[in-house]
Amino acid sequence: MAEQVTSSNPGRYATGSAATAERLITRIILMGVAFAFLAIFLVMPLVIVFTEAFSRGLAPFLENIADPDTLSAIRLTLIVAAISVPLNLVFGVAAAWAIAKFEFKGKAFLITLIDLPFSVSPVISGLVYVLLFGSTSLLGPWLKMHGIVILFAVPGIVLATVFVTFPFVARELIPLMQEQGTGDEEAALSLGANGWQTFWFVTLPNIKWGLLYGVLLCNARAMGEFGAVSVVSGHIRGVTNTMPLHVEILYNEYNAVGAFAVASLLAGLALVTLVLKTLLEMRYGAEIAATRGH
Amino acid sequence: MSTTPAQAGWRFKAPSVIPGFGLTLGFSLAYLTLIILIPLAGLLWRSASLGWADFWAIATDERTVKALEVSFGTAIVAALVNVVFGTIVAWILVRYRFPGRRIVDAMVDLPFALPTAVAGIALTTLYAPNGWIGQLLMPLGIKVAYTPLGIVIALIFIGLPFVVRTVQPIIEEIDKEVEEAAATLGANRWQTISRVLLPGLAPAIVTGFALAFARGVGEYGSVIFIAGNLPYVSEIAPLLIVIRLEEYDYAAATAIASIMLGLSFAMLLVINLIQSWSRKRYG
Amino acid sequence: MEVRVSNVRKEFATFPALHDVSLDIKSGELIALLGPSGSGKTTLLRLIAGLEEPTRGQIYFGDQDASHRSIQERNVGFVFQHYALFRHMTVADNIGFGLKVRPGATRPSKADIRRRATELLNLVQLPGLENRYPAQLSGGQRQRVALARAMAIEPKVLLLDEPFGALDAQVRRELRRWLREIHEATGHTTVFVTHDQEEALELADRVVVMSQGRIEQVGTADDVYDHPTSPFVYGFIGDSSTLPVKVENGQVWVSDRPIGLPITSGEPDGPATLYFRPHEVDLLDDCGGCIAGTVVASRRVAGTRRVELEIGGGRERVEIELPIEHAATQKSRIAFRPRRWKVFPTA
């Protein structure tokens with residue numbers, strides 16, 4: 001919209017005329033307030049993670065990382081993410097295809113349901129599985145009889161993570177694919193492509209950056225989830241501890257350097273996520289859904 | 001694509017030449033049901049099977065009430081703080097040009113990307129009495145870590161991007177003509193902002209508030225480190241759920257969870273109603 | 001209020017949007033700024049309003065230099081192309097806004113503001129819509145409210161930026177008449193921007209034709225249509241046909257022949273371009289001093305026939321209008337002479 005206004009006069013609004021800009025002093029104060037706020041609430045927490053992690057130098061940092069329990073936590077976190085992200089990826093694509101390419105009754109309700117996990121406390125996300133599979137549940141005795149272990153083991157952790165990260169991919173793809181409409185797919189079909197070919201050669205290239213964006217956010221949350229996983233994990237050191245849970249254990253054992261060393265790995269992951277996210281937005285902003293919130 | 005309504009009557013799905021509807025919708029529904037709906041329904045069913053008397057006893061237990069008060073109270077305060085500062089941050093990101101703007105813009109998403117446990121221990125270390133910020137506040141008699149104030153700090157961190165990312169696109173969409181119109185009519189800058197622009201942003205600000213609030217109420221990881229977790233004082237409802245679970249008191253955990261879910265959904269519903277009302281009215 | 005624009009130049013970054021523009025607007029006049037997009041007409045309007053500051057030059061309101069007065073102090077009524085109504089305010093609150101934001105001492109009472117809004121709604125022929133919201137109005141109604149809002153502050157001058165640009169043709173014509181009536185009733189000095197020549201010619205007392213940041217001509221509708229002073233104006237307003245010619249010995253020549261158009265206003269000898277209106281031509285039987293050509297295309301346009309002629313062995317083509325009875329068949333030869341015309345030296 002802005003383009004048509006400015007096309008005749010490049011830069012008309014670039015600086016903002018006196019009518020639509022604050023006075024310099026106001027601007028300085030507002031920016032000062034905003035920067036101070038962001039510095040205190042965003043920058044300092046990030047900085048202190050790394051400062052604390054390296055507060056005794058590099059050797060203790062490496063020692064803590066190389067600890068077998070830490071390594072096993074890292075392994076478990078990677079395994080959990082490697083299972084739950086693809087699951088939600090497949091779901092996200094399927095749900096977005098059904099919702100964006102077709103008109104059917106109850107669509108708005110379905111979208112609301114997909115968003116549901118965002119409004120549920122992580123602790124409750126874990127609790128529901130405890131209630132479902134715990135020894136007092138209907139399923140509990142049956143599971144026990146058949147020797148199936150879900151709670152306080154990897155399957156429970158995966159389920160809780162899948163619950164928490166459930167909407168991420170679908171949420172990126174639905175608005176994006178709705179905006180793109182069905183014209184391309186109809187064209188491909190009319191040219192003789194079958195459904196899979198249409199998806200593979202036409203739809204997927206159109207949504208690949210949005211898909212990557214969703215996967216990125218999904219992965220960050222999957223690796224970092226604490227509350228839900230904490231409820232179902234049982235906190236068995238070296239067995240059912242993910243990285244965030246391991247951070248808690250180390251911290252509660254007053255091993256600050258160890259806690260922050262593991263935390264710094266997770267913070268590094270967050271930074272990489274932010275950088276990739278920003279790069280994706282800069283290069284493929286138009287190809288990623290307009291809705292950036294979560 | 002279009003239906004022929006005269007003959008079609010009620011039908012579940014509009015006709016389309018695109019394949020895969022049954023497969024994708026079927027899979028989505030099955031997955032949704034297994035992962036989300038059955039577990040949540042299980043929670044509600046458990047809660048319903050408690051019986052009213054038991055449920056009421058848990059709900060009115062003083063520790064439960066206090067924990068809910070702490071959770072909802074701190075979430076409201078933090079969301080209000082975020083409304084003020086988040087709107088300012090969104091404003092400067094859209095309207096002002098300064099070096100490093102992209103970096104600041106990217107940083108706003110840090111709370112989305114940083115695992116909550118990491119945020120929790122970082123904030124606790126900062127605000128502990130001997131921490132960078134804590135030692136500055138100590139002489140002023142302000143204690144943050146291990147008090148409800150600490151919970152507010154953690155929830156401000158968690159909720160900030162919700163407000164910024166909801167308000168920012170709406171500021172981007174503000175029609176310059178509207179601001180110019182206010183100025184030509186004699187309004188000074190403050191009058192233009194307070195009477196014309198902010199009312200226009202109000203629905204987005206309310207949404208941002210609601211999202212930050214909803215997230216804050218349920219937040220666990222970043223809070224438990226800094227809160228001190230003193231029962232009746234700085235114990236949040238999600239933590240109480242965890243404690244009850246560890247005591248194998250599934251009934252209490254279920255009841256508290258149901259209350260939290262109910263309150264959060266009621267709140268979101270109210271906000272949705274406000275929004276659809278304002279959309280209808282202002283277009 | 002008289003408005004005088006004196007040697008104003010406006011640059012955006014380094015791009016000049018206006019070069020040294022001067023314009024006198026008389027009190028009570030209805031003026032149209034007409035030009036293609038990028039001609040600087042909107043920039044000139046925004047400079048008068050104070051929405052932009054001139055890079056150089058002055059703008060006077062009456063005797064006072066208003067160039068550096070803030071927009072709030074200028075007291076101009078500005079109507080935007082997309083209405084710019086405040087969505088969250090009722091129609092009455094929109095109209096009353098300019099009065100409500102006045103400082104305490106000069107602010108009318110709430111009842112007075114309300115009364116004024118009702119009066120203005122009656123003036124713009126929208127009685128009874130006080131409590132509607134902009135979203136509930138049609139485009140034409142919104143633009144009327146926008147005008148009422150601009151007039152509420154008793155502006156010294158009314159400025160309208162493409163006021164009808166976003167409306168469909170039917171509503172445009174209706175609002176055009178209505179604006180003329182309002183202007184006659186209130187007598188505000190009014191400047192409006194348009195790229196629609198029909199709108200400018202029909203509505204304005206005087207039309208300012210602009211191109212590439214310069215004023216090409218200022219004059220009444222008759223002036224700019226019948227006596228364009230530049231090739232741009234000739235080409236931009238109304239239909240025109242052009243033909244490369246040569247001026248020599250007080251005559252206009254096409255290739256090696258004079259075409260019976262004697263020079264009267266002293267155009268210099270040399271290559272030039274002949275401009276005339278396709279419908280202002282006399283058909284001639286034989287050709288001793290005229291333009292003659294072969295019909296290469298003929299189209300029926302409403303009540304006339306438009307033919308394209310090849311002149312001078314196919315090097316040039318011109319369009320003229322014929323009565324529909326005329327049997328202008330392919331390859332037939334037609335001779336004509338423009339009734340009203342002008343030559344401009346080729347730069």
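The values are calculated or read from the model by the stated rules, or taken from the named source; none is laboratory data. If you're wondering where the values come from, they're calculated on a predicted model, not measured in any experiment. With ideal geometry, Cβ positions are generated from the backbone for all residues, glycine too; neighbour counts draw on all protein chains shown.
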Quiz item: Which one of A:Glu281, A:Glu225 is among the charged types (D, E, K, R), surrounded by 24 or more Cβ atoms within 10 Å (Cβ to Cβ) and either in contact with a Phe, Trp or Tyr (Cβ under 7 Å, 6 or more places away or on another chain) or more than 7 Å from chain B (Cβ to nearest Cβ) (or both)?
Solution: A:Glu225
Practice problem: With the checklist (1) under 22 Å from the mean Cα position of the chain (by Cα); (2) crowded, with 19+ Cβ neighbours inside 10 Å; (3) more than 7 Å from chain A (Cβ to nearest Cβ) in hand, flag the one item B:Ala187 doesn't pass. | Solution: (1)
Practice problem: Mind counting the residues in the stretch B:93-142 that are hydrophobic (A, V, I, L, M, F, W, C), under 12 Å from A:Leu38 (Cα atoms) and facing another protein chain (nearest Cβ under 7 Å)? | Solution: 4
Practice problem: Starting from the stretch C:294-315, keep only residues that are at positive phi, then list their pairs with residues that are small (Gly, Ala, Ser) whose Cβ atoms are within a distance under 6 Å, requiring at least 6 positions of separation or different chains. | Solution: C:Gly312/C:Ser255
Practice problem: Count, please, the residues in the stretch C:97-141 that happen to be closer than 20 Å to B:Gly186 by Cβ, within 12 Å of chain B (Cβ to nearest Cβ) and not in a helix (DSSP H, G or I). | Solution: 4
Quiz prompt | Residues within the stretch B:143-166 that are over 19 Å from B:Ile236 (Cβ atoms) and more than 8 Å from chain A (Cβ to nearest Cβ), tallied | solution = 2
Practice problem: Name the single residue, out of those in the stretch A:10-34 being more than 8 Å from chain B (Cβ to nearest Cβ) and at pLDDT 90 or above, that is farthest from C:Ile71 (Cα to Cα). | Solution: A:Gly32
Practice problem: Could you list all residues from the stretch C:112-153 that are buried (at least 19 other Cβ atoms within 10 Å of the Cβ), over 18 Å from B:Val178 (Cα atoms), in contact (Cβ under 8 Å) with a residue 24 or more places away in the chain and among the β-branched types (Val, Ile, Thr)? | Solution: C:Val124
Quiz item: Looking at (1) within 8 Å of chain B (Cβ to nearest Cβ); (2) more than 16 Å from B:Ala183 (Cα to Cα); (3) not basic (Lys, Arg), which is the one condition that is false for C:Ile59?
Solution: (1)
Exercise. State whether one or more residues within the stretch B:20-42 are without any contact (Cβ under 8 Å) to a residue 24 or more places away in the chain, part of a loop (DSSP other than H, G, I, E, B) and either among the charged types (D, E, K, R) or at the interface with chain A (Cβ under 8 Å from one of its Cβ atoms) (or both).
Key: yes
Exercise. Please go through the stretch C:177-219 and pick out each residue that is of a type in the set (Val, Ile, Thr), in contact with a helix residue (DSSP H, G or I) (Cβ under 9 Å, 6 or more places away or on another chain) and either surrounded by fewer than 19 Cβ atoms within 10 Å (Cβ to Cβ) or not in a helix (DSSP H, G or I) (or both).
Key: C:Thr186, C:Thr190, C:Val191, C:Val193, C:Thr194, C:Val207, C:Val208, C:Val209, C:Ile215, C:Val218
Quiz item: Mind checking which residues of the stretch C:149-171 are assigned to a helix (DSSP H, G or I) and either on the phi > 0 side of the Ramachandran plot or within 23 Å of the chain's Cα centre (by Cα) (or both)?
Solution: C:Ala150, C:Met151, C:Ala169, C:Gln170, C:Val171
Quiz prompt | Segments classed as helices (runs of 4 or more DSSP H), wholly inside the stretch B:81-189, with at least 3 members that are assigned by TED's automatic domain parsing to the domain that holds B:Tyr232, under 30 Å from C:Gly96 (Cα atoms) and not β-branched (Val, Ile, Thr) | solution = B:148-173, B:176-184
Quiz prompt | Residues that are within 9 Å of another protein chain (Cβ to nearest Cβ) and either over 22 Å from B:Val178 (Cα atoms) or touching a Cys at 6+ places or on another chain (Cβ under 8 Å) (or both), drawn from the stretch C:38-56 | solution = C:Gly38, C:Ser39
Exercise. Kindly provide the set of residues from the stretch C:295-319 that are surrounded by fewer than 17 Cβ atoms within 10 Å (Cβ to Cβ), closer than 21 Å to C:Trp253 by Cβ and not charged (D, E, K, R), ordered by number.
Key: C:Gly312, C:Gly313, C:Gly314
Exercise. Any residue in the stretch C:74-102 that's assigned by TED's automatic domain parsing to the domain that holds C:Val145 and closer than 16 Å to C:Leu129 by Cβ: show its pairings with residues that are polar (S, T, N, Q) and surrounded by fewer than 22 Cβ atoms within 10 Å (Cβ to Cβ) at Cβ separation under 8 Å, as long as the two are six or more apart or on different chains.
Key: C:Thr90/C:Asn131; C:Val91/C:Asn131; C:Ala92/C:Thr118; C:Ala92/C:Asn131
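Inspect the stretch C:28-41 for any residue being under 21 Å from the mean Cα position of the chain (by Cα) and farther than 24 Å from C:Glu202 by Cα and give the result as yes or no.
For the stretch C:28-41, residues under 21 Å from the mean Cα position of the chain (by Cα) and farther than 24 Å from C:Glu202 by Cα: absent.
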Quiz item: Quick one: how many residues across the stretch B:266-279 are loosely packed, with under 11 Cβ neighbours inside 10 Å and basic (Lys, Arg)?
Solution: 0
Exercise. Name every residue in the stretch C:228-257 that is within 23 Å of C:Asp196 (Cβ to Cβ) and without any contact (Cβ under 8 Å) to a residue 40 or more places away in the chain, in order of residue number.
Key: C:Thr229, C:Phe232, C:Val233, C:Ser240
Exercise. List the strands (runs of 3 or more DSSP E) that sit entirely inside the stretch C:1-50 and contain at least 3 residues that are modelled with pLDDT under 95 and farther than 19 Å from C:Val79 by Cβ.
Key: C:3-12, C:15-25
Quiz item: Is there a residue in the stretch A:117-133 that is part of a helix (DSSP H, G or I), within 30 Å of A:Asn64 (Cα to Cα) and more than 8 Å from chain B (Cβ to nearest Cβ)?
Solution: yes
Quiz prompt | Matching entry among A:Gly227, A:Gly285, A:Gly268, A:Gly214 (being among the small types (Gly, Ala, Ser) and farther than 21 Å from A:Val85 by Cβ) | solution = A:Gly285
